[in-house]
1. Suppose every K and R has +1 on its Cβ and every D and E has -1 on its Cβ; what is the size of the dipole of the range A:399-521 about the Cα centre, in Debye to the nearest 20?
2. Taking one equal scatterer on every alpha-carbon of the range A:343-389, how large is log10 of I(q)/I(0) by Debye at q = 0.28 1/Å?
3. Using the crude model of +1 on Lys and Arg Cβ and -1 on Asp and Glu Cβ, and no other charge, please compute the dipole size for the protein assembly as shown relative to its Cα centre, in debye to 20.
4. Normalised by the empirical 2.2 N^0.38 Å for globular proteins, what value does the Cα Rg of chain B take?
5. State the three equivalent ellipsoid semi-axes of the protein assembly as shown, derived from the C-alpha gyration tensor as the square roots of 5 times its eigenvalues, in descending order and whole Å.
6. So what is the 222 nm mean residue ellipticity for chain B from helices alone, if each DSSP H run of at least 4 adds -39500 (n - 2.57) and you divide by all residues, rounding to the nearest 500 deg cm²/dmol?
7. Can you give me the angle between helix A:173-189 and the longest principal axis of chain A, using Cα atoms only, in degrees from 0 to 90, rounded to the nearest 10?
8. How do the peptides A:385-394, A:476-485, A:248-257, A:117-126 rank, highest first, by the average count of neighbouring beta carbon atoms within 10 Å per residue?
There are 2 protein chains.
Amino acid sequence: MERGNIPRKIKGFRDIDADLNELRQTIIREAGKVYRSYGFEHWDTPVLEYADALGKYMPDEDTVDKGVYNFRNPEEEPVLLADGNEMRDADAKVVMDFHPLAMRYDLTAPLARVYSERLFMDVKRGQIMESNAPLFRRYQYGPVYRYELKLLPGRFREFWQLDFDTVGTSDVAADAEACMILSDALEAIGLERGTYIVKVNNRKVLKGFLESVGIINEEQEGAVLRVIDKLDKIGWDDVKLELGKGREDASGSKIDGLGLSSDTIEKIVGFLKMATGLSTRAEVLRKFEEAAATNPTATEGIAELQKMDSLWTKLGFDESRIQFDPSLMRGMAYYTGPVFEVESLLVAKDEKGRERKFGSICGGGRYDGLVEKLLGLKVPATGASIGVDRLAELLRMAKPGQVTAQGPVFIAYFDDELQPEYYRIARMLRDAGITAEVYVGNAKGFKKVNKQMAYADKKNCPLAIFIGGNEAAKGVATVKNLKLGKELEATTTDKQAWISQVQQEVPLTELVDYLKKQLGQ
Amino acid sequence: MERGNIPRKIKGFRDIDADLNELRQTIIREAGKVYRSYGFEHWDTPVLEYADALGKYMPDEDTVDKGVYNFRNPEEEPVLLADGNEMRDADAKVVMDFHPLAMRYDLTAPLARVYSERLFMDVKRGQIMESNAPLFRRYQYGPVYRYELKLLPGRFREFWQLDFDTVGTSDVAADAEACMILSDALEAIGLERGTYIVKVNNRKVLKGFLESVGIINEEQEGAVLRVIDKLDKIGWDDVKLELGKGREDASGSKIDGLGLSSDTIEKIVGFLKMATGLSTRAEVLRKFEEAAATNPTATEGIAELQKMDSLWTKLGFDESRIQFDPSLMRGMAYYTGPVFEVESLLVAKDEKGRERKFGSICGGGRYDGLVEKLLGLKVPATGASIGVDRLAELLRMAKPGQVTAQGPVFIAYFDDELQPEYYRIARMLRDAGITAEVYVGNAKGFKKVNKQMAYADKKNCPLAIFIGGNEAAKGVATVKNLKLGKELEATTTDKQAWISQVQQEVPLTELVDYLKKQLGQ
């Protein structure tokens, strides 16, 4: 049985072509500039990590094995104990293992690892305590990996995130700042105000409210939060059923309910819907106070939101950019305080003309317990993440053609004798800041102009230069404006007229200036 | 036995901090600009691939399992035959398997996969043949992974490459261009002319010469090439021993020799050393002709080098940038024609003051057989790769301090009441194009100025702004020039004089202008 070497990608993985890369790079560059302008440093971490150093924080998962690409290190190494020392067997021999590795599933877990690794020994020696844990603000971008069994359309197993985080502060000024940064970054990327909204909530407020209606153990609270988090996908009716007696999904499988009383369910739904129709953050804060201010956890959460609101107001970030949303959950189990999410309000049409909404394009929140799991020291942290590929897809569909990769000035190949001259001209153009490519296709098809023009067209080349023996003898080049040519093709029927508008003979000595004018430089 | 969650990285992997990232990004940005100026498009491919789609092209390895991080796909999928159809068992049931996956070990194998995947069906249908295989020029960068058992100092298992390739042409103008691009890119990154040299050879010349001394079977030829490739590491004497009777290495293990006669060995060594003392490419070409022009393979190779030389000469790339080196091999088994390598001539001192050479920082060559293995169609290709992390290390050591991440203007935190004002000022600075960060460290250590200044120092902040109650009342800020402060510290003994030079009270209305002047903007 002969197995094939079939050229193909793994399901859920994809190649990024020049146009999509241009979008991705625009997002990273513009948002990165904003992150840096707030003082975040650019860091990077490995794609591959020890599974136990990443921890078990996948959304909706309680084990790192689920939803993650993991395998055993090919290198056998000592097993370490929780104190960092090597594990030994009864004969005092070091216990060895091929350690489980995992491809990172987000950039937050590696951040916790970076921060913890750098302080681990100092904490063990008692030199670093809660009171002097250092502040660390970094941004990072790159691919993350999720082994999602059911791969929905438009979802990928390898996708890019662009995160910024502040580790080492409990001050929600950092959370307020995070929301402003998301807003600034999206506008820098090209989203207009009014086409997105930063939605903010606080886990503490909901947690306090749930306590006040009798949901006090963590497991039950977690179950309630997970149901509420599904609101966008399943709607209010099914949320109510899952909080109560359970339901059947579309395929007929039974989903167990949490068995809450209908009275409790109504109270919860009422709480989540309280902001409906309210237009200001101040109104939501007042409603929060009415609903939950008797509970100390909720009180704390409301005070945090008040502080954030007042900073935003002082800095001019009103409700056209940032709003409170009492039903906002965020999937990650590690959030402990303020949570935020950016919803795109753009509606785009896909290839088949169907309307498509994009929903959440960024998310984040405070995770005061994450570093503690690795470092044994409670170090509070907060941050947010832009879904780069999701945002790129949004820009591509909502603003088609706005960001595309521009091709080089194309220099056609006609004459073997002139090849060095083609390269000399290309270099002259490059020295003048004009990108230029000499066609170097397979020798057998060299002089086929159609093939060359198809190549230039595919690459989105704005201009083409033709130099044959006659032109060379006269010291001129024929320059064709490919972009204009395409535009005029639709309206011009007279071929001769079209050519005279699109094509021009230019002396080589004036070529650079002519091209610059044509390129609008 | 409790296992630890120890915050640590896998051996051979590392975190990239802000300074190193600045270097990496400078390299990618500047070289990327050069690549684009020659018409190469920016593409990206997954980090993870089917192992059989990557092929078996690791240097010095004949199987993809060695030297590569690989594991089984957690998803069971049909096994495909070489024609792309599903494999079926005796009962016509599709045979399923958990396919072997591998983390990419370079960016060339994925390029061959991209090119082949996009044409696979067209080739099967007979629509694409050798004569009309399209031209494709792309550049790509990102991490690659090698599971090197013996990890030498300064080597990593995850490192970045920055490649550009031209697929679809047998014209060595593309090879000549590749060498010029490497030279342009390195100078754009900041290497001065004379501190690097692009070395070029042609496998065909050596192959032809080896044929002429009786080494005609491919296996033997490959073995000879692998020995010669070790020249830099082991030197002439050991190369001779390995071509002959073998030798013992430093650890006393026996390395088998190839058993060539001493006459043959002398001829080979003579050939490899022929360029010693020659200063022009023309002289080397003449020597090549004397030594090997009776062999048709060598003749072809020499003609290719002649064409490349003439293009370089026409475009002004003389021997100060590009030289021929008859002993240059390049490790990759897939090279079939011209090969190139950039050697850094810089000597830097490491932390311990020892001199360190960097050797090869870029490499590439023509690989006319690589696409064929996946596509079943002979499509010639050539390209080169910059070792990003190696070059970053070189720049860091050879030009210390030249590229470092600049921190933001630092706004110290003194007064809870003034926090919104701090953020307002930061925003004012950002709106004027000045990066600015308000200190937001752990509430418990908030007002400790020492801790704040240590933070600003670590981040390489150029300026710090202090506003306490008094300053706020007066509408001023105290601005301290941290950079100047450090410079003057070494020479100034009078603290009062130092402060007056370094510190200045500035009205808030003039703050932006003052900071811009201090920052040299």
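No lab work stands behind these numbers, since they all come straight from the coordinates. All values derive from a computational prediction rather than experimental measurement. Note: ideal-geometry Cβ built from the backbone for every residue, glycine included; neighbour counts use all protein chains shown.
1. That gives the range A:399-521 a dipole magnitude of about 460 debye.
2. One equal scatterer on each Cα of the range A:343-389 leads to -0.97.
3. 1240 debye
4. Ratio of Cα Rg to 2.2 N^0.38 Å: 1.23.
5. In descending order the semi-axes read 53, 34, 34 Å.
6. Using -39500 (n - 2.57) per qualifying helix, the result is -12000 deg cm²/dmol.
7. Tilt relative to chain A: about 20 degrees.
8. Top of the packing list down: A:385-394, A:476-485, A:117-126, A:248-257.
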